[in-house]
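K.L.:
Next up is a structure, given as structure tokens.
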Amino acid sequence: LGNMAKAWNYEGEQLLRTSGVDYTIVRPGVMGKDDIPTNKVLALADNGGDLKVTPVTHSQIASLCVKCLLYPNAAKSTLTAMNVEEGTGEESYGPLLAEVESDTRDFPTSLVSEHKKAARNGAAILAAVMAVLLSGTVAVVKFFGGVVIGLASR
């Protein structure tokens, strides 16, 4: 289900990109931890770029979303927001946002259909494995049932 959620996420992103409205998509790291270093740790990659997945705080991402409104160049962009080793990033998102450029890469257009196909294939494989296990279980029960009946009839 996690992969399907990601596929739906990408599908929603694609709908935004093709809608004609200005957008800024923020792809945060793992949200929820508040006990992470905060001294010069902020990092951004535009154009949907990759950064090592790291924990980020809710307040960091909220701050980024608000700051994006102050930077018109952040319109029509996909930002990956992570933290980096303390002292190697930025203290605030301002300097990072000043360098952001609008999306130029081609993003996948329909990951949902690919994930549905993969889920169907996975379900078929799972059903086949379960059928083999079930038939094996039935064979074992029949065998031992026959042994018990044979012993009881003696």
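K.L.:
Looking at the range 71-97, which of its residues are in contact (Cβ under 8 Å) with a residue 12 or more places away in the chain, open to solvent by 20 Å² or more (accessible area, probe 1.4 Å) and either under 25 Å from the mean Cα position of the chain (by Cα) or over 26 Å from S19 (Cβ atoms) (or both)?
P.N.:
Listed by number, the residues that qualify are A75, K76, V84, E85, E86, G87, T88, E90, E91, S92, L96.
Conditions (1) hydroxyl-bearing (S, T, Y); (2) within 17 Å of F107 (Cα to Cα); (3) at pLDDT 90 or above, marked per residue:
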site: Y10; (1), (2), (3): yes, yes, no
site: L15; (1), (2), (3): no, yes, no
site: T38; (1), (2), (3): yes, no, no
site: V56; (1), (2), (3): no, no, yes
site: C68; (1), (2), (3): no, no, yes
site: Y71; (1), (2), (3): yes, no, yes
site: K76; (1), (2), (3): no, yes, yes
site: Y93; (1), (2), (3): yes, no, yes
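K.L.:
Hey, another quick one. As an exercise: evaluate Q14 against (1) free of Cβ contacts under 8 Å to residues at least 40 places away in the same chain; (2) open to solvent by less than 50 Å² (accessible area, probe 1.4 Å); (3) farther than 22 Å from L96 by Cα and give the number of the one condition it does not meet.
P.N.:
The number of the failed condition is (1).
K.L.:
Return the residue satisfying two criteria in turn: it lies in the range 32-70 and is open to solvent by 80 Å² or more (accessible area, probe 1.4 Å) and under 18 Å from the mean Cα position of the chain (by Cα), and of such residues it is nearest to V100 (Cα to Cα).
P.N.:
Per the stated criteria, the residue is D50.
The values are calculated or read from the model by the stated rules, or taken from the named source; none is laboratory data. For clarity, every value in this text was computed on a predicted model and none was experimentally measured. Positions of Cβ are generated from backbone atoms using ideal geometry, with glycine treated the same way; all protein chains shown enter the neighbour counts. In case anyone asks, the SASA skips ligands and DNA or RNA and just uses the protein heavy atoms, side chains included. Shrake-Rupley method; radii C 1.70, N 1.55, O 1.52, S 1.80 Å.
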